[in-house]
Amino acid sequence: SHLKELIQGIPKTELHLHIEGSLEADLMFKIARRNNIELAYKSVEDLKKAYKFNNLQEFLDLYYLGAQVLLHEQDFFELTYEYLKKVHQQNVVHVEVFFDPQTHIERGVPFSVVINGIYNALKKGEQEYGITFKLIMSYLRHLSEEAAFKTLEESLPFKEWIDGVGLDSSELGNPPSKFINVFKASAAQGYKLVSHAGEEGPKEYIYEALDLLKVIRIDHGNRCVDDEILVKRLVKEQIPLTLCPLSNLELKVVQKLEDHPVAKMLDKGILATIHSDDPAYFGGYMNENYYETAKALNLSTTQLKQLAINGFKASWLDQEAKEKHI
Ligand code: ADE
Ligand code: ZN
C-alpha cells in the first residue's frame with residue numbers, strides 16, 4: 001500500500017528496544033534446544049498463544065522466562081544480529097539498544113558474556129548494514145538500589161561500550177526515587193541517563209525521573225497528558241518521549257490504538273517518537289508500529305516524517321550525523 005511504502009521509505013531510528021524483547025519464539029526454541037533447556041511450552045505456536053497480556057507484569061513474567069535460554073556469548077550475538085537483520089530491512093539506520101544485565105547475572109551468566117555477544121553483533125551490524133548504535137544498560141526497578149550498584153560496578157570494565165543507563169521492569173511501586181544514588185553514581189561514570197516513567201505508573205514518576213534522576217529522555221511517558229504544566233515543561237525543554245504504541249496496546253496502557261496520545265503530543269509540540277519496545281512479544285517492529293498508529297490516528301505524511309525526524313533529534317548521534325536526517 002501507499003502508506004506502507006511511505007513508511008518503508010523513511011529512514012528511522014530505534015530508541016526504545018529491549019534486546020531481550022526481540023527474542024522471537026522460533027529463535028527461543030532453537031537456542032533452548034542448543035543449550036539443552038526444556039521450555040514450558042511444547043511448540044512455537046503454543047508459546048505464541050501465551051502472548052496475551054492484561055498488564056505490564058504479565059508480560060514481564062513471560063519475558064524473563066524467555067530470557068532464560070540465553071547462556072552463551074553466541075546466544076546473545078545471535079539474538080542481536082537477528083534483530084539487526086530484521087530492522088535493516090525496515091530502513092532503520094540507527095539503534096539505541098537496552099539490555100538488562102541483571103536478568104542474566106542473577107542466573108550465573110557473567111556480565112562479560114552478555115555484553116561481548118551483544119556488542120560484537122552491533123559492531124558487525126554496523127559494518128555490514130551501516131546501522132550505527134548506542135548501548136544502554138538498564139537497571140531492573142523491581143530489584144534493590146544496592147543490586148543496581150553492583151551492576152554499575154560490574155559494567156565499569158566495559159564502560160567504553162556503554163553509552164547510558166536506563167530503568168525498566170515493574171513500574172508500579174518502584175518509583176524513580178528508589179534509584180537516586182545509583183543514577184548519580186552512573187552519571188559520575190559518564191553514562192547518559194534515561195528512565196521508563198509514566199507507562200503504567202503515574203505522572204509523578206515522570207517528575208521524579210526528571211527532577212530526582214536527572215534523565216535526559218523519558219521512555220513511554222504516556223501519563224504526562226494528565227498534567228498541562230508537565231506538558232509545557234516537556235515542550236520547553238524538548239525532553240524526548242520514546243513512545244511504543246503496539247506495546248501500549250498489548251499491555252493495556254491504551255484500550256485501543258485510536259486512544260493513543262501520540263498525535264495530541266505532536267500537536268502540543270512534544271518531542272515524541274515511535275519505537276517497538278519488545279517487538280517479538282508485541283507483534284511489530286518499527287514499520288508495524290508506524291503503520292498501525294498511522295492508520296488508527298489518521299496521521300498525515302507530515303506527522304509521520306516529523307516522528308522520524310524527532311527520532312534523530314532525540315538520538316545520541318552527534319550533531320553532524322543528525323543533520324543528515326533533520
Ligand atoms: N522491560 C521490557 N519491556 C518493558 C516495558 N515495556 N516496560 C518496563 N520494562 C520493560
Ligand atoms: Zn521499554
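Of the GluC sites (Glu not before Pro) in the range 7-89, the ones in a loop by DSSP (not H, G, I, E or B) with at most 13 other beta carbons within 10 Å are 38.
Taking a straight Cα-Cα cut-off under 16 Å and skipping sequence neighbours fewer than 8 places away in the same chain, the lysines within cross-link reach of residue 12 are 4, 85, 86, 134, 305, 313, 322, 324.
I'd like to know which of 308, 190, 202 lies farthest towards the positive end of the charge dipole of the range 2-314, counting +1 on Cβ of Lys and Arg and -1 on Cβ of Asp and Glu. It is 308, whose Cα lies furthest towards the positive end. The C-alpha atoms of the chain occupy a region whose extents along the principal axes are 51, 48, 41 Å, arranged from largest to smallest. Stokes-Einstein diffusion of the range 1-110 at 20 °C, 1.002 mPa s viscosity, Kirkwood radius from Cα pairs, rounded to a whole number: 139 µm²/s.
Summing charges over neighbours of residue 175, with a neighbour being any other residue whose Cβ is under 10 Å away from its Cβ, gives -1 when K and R count +1 and D and E count -1. Candidate cross-link partners of residue 295 among the aspartates and glutamates, defined by an alpha-carbon separation under 16 Å and a same-chain spacing of 8 or more, comprise 5, 258, 259. Putting +1 on Lys and Arg Cβ atoms and -1 on Asp and Glu Cβ atoms, find which of 220, 54, 118 reaches farthest to the positive end of the dipole of the chain. Towards the positive end, the residue furthest out is 220. Distance between the C-alpha centres of the range 92-113 and the range 1-75: 14 Å, rounded to the whole angstrom.
FRET efficiency for the residue 268 to residue 214 pair, using the beta carbon distance and R₀ = 25 Å, is estimated at 0.60.
Ranking 298, 36, 240 by Cα position along the charge dipole of the chain, where only Lys, Arg, Asp and Glu carry charges on their C-beta atoms, puts 298 farthest toward the positive end.
Using Cβ point charges alone (K and R +1, D and E -1), the dipole size of the range 2-314 about the Cα centre works out to roughly 660 debye. Could you tell me which of rounded, prolate or oblate describes the range 268-326, using a ≥ b ≥ c as the square roots of the eigenvalues of the alpha-carbon gyration tensor, with rounded for a/c under 1.5 and, failing that, prolate when a/b is larger than b/c and oblate otherwise? Oblate is the answer for the range 268-326, as a/c is 1.5 or above yet b/c matches or exceeds a/b. Charges were assigned to the Cβ only: +1 to each Lys and Arg, -1 to each Asp and Glu. The resulting dipole of the range 195-280 about its Cα centre is roughly 320 debye. When 233, 107 are sorted by how many other C-beta atoms sit within 10 angstrom of their C-beta, beginning with the fewest, the order is 107, 233. Rounded to the nearest 5, the antiparallel percentage of DSSP beta bridges internal to the chain is 0%.
The loop-placed trypsin sites (Lys or Arg not before Pro) in the range 18-86, going by DSSP, that have at most 16 neighbouring Cβ atoms within 10 Å of their Cβ come out as 42, 52. Remark: the range 1-145 carries a charge dipole of roughly 260 debye about the Cα centre, counting +1 on each Lys and Arg Cβ and -1 on each Asp and Glu Cβ.
Take every pair of alpha-carbon atoms less than 8 Å apart whose residues are at least six positions apart; their mean separation over the length of the chain yields a relative contact order of 20 percent.
Each reported figure results from applying straightforward, stated rules to the coordinates on display, with no laboratory input. None of these values were measured; they are calculated from a predicted model. Glycine gets a Cβ as well: all are built from the backbone with ideal geometry, and neighbour counts include every protein chain shown.
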